[in-house]
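This report concerns only the one structure given below.
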Amino acid sequence: MPVGRVKWFNDQKGYGFIEQEGGKDVFVHYSALQGEGFKTLTEGQEVRFEIIDGPKGPQASNVTVVV
């Protein structure tokens, strides 16, 4: 599973982008975040994720925060 850092995430819109080392930024939608309750990410957080083909290009799936 790739590891990256949250570039930005907008709680109101429910999406943002993850920076991966040596790769392009990956779109992330709140529905891809694992866990219960309000789903959000914070700029700079380290995350693990899978990359799938989304409607507009690469998209993160099964996103979990690295603790």
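Treat each spin label as a single point 7 Å out from the Cα along the C-beta direction, and report the residue 38 to residue 13 distance in nm.
Using points 7 Å along Cα→Cβ, the separation is 2.0 nm.
Let me check against my output: what whole-number percent is the relative contact order of the chain, with C-alpha pairs under 8 Å and at least 6 apart?
It comes to 33 percent, rounded to a whole number.
On a straight-distance basis, which aspartates and glutamates could pair with residue 7 in a cross-link, Cα separation under 16 angstrom, same-chain partners fewer than 8 positions away excluded?
19, 21, 25, 43, 46
At a 10 Å Cβ-Cβ cut-off, how would you order 51, 18, fewest neighbours first?
Lowest to highest Cβ neighbour count: 51, 18.
Computed from the coordinates by the stated procedures, all read-outs in this text should not be read as laboratory data. Not measured: the values here are computed from a predicted model. Heads up, the Cβs are rebuilt from the backbone with ideal geometry, glycines too, and the neighbour counts pull from every protein chain shown.
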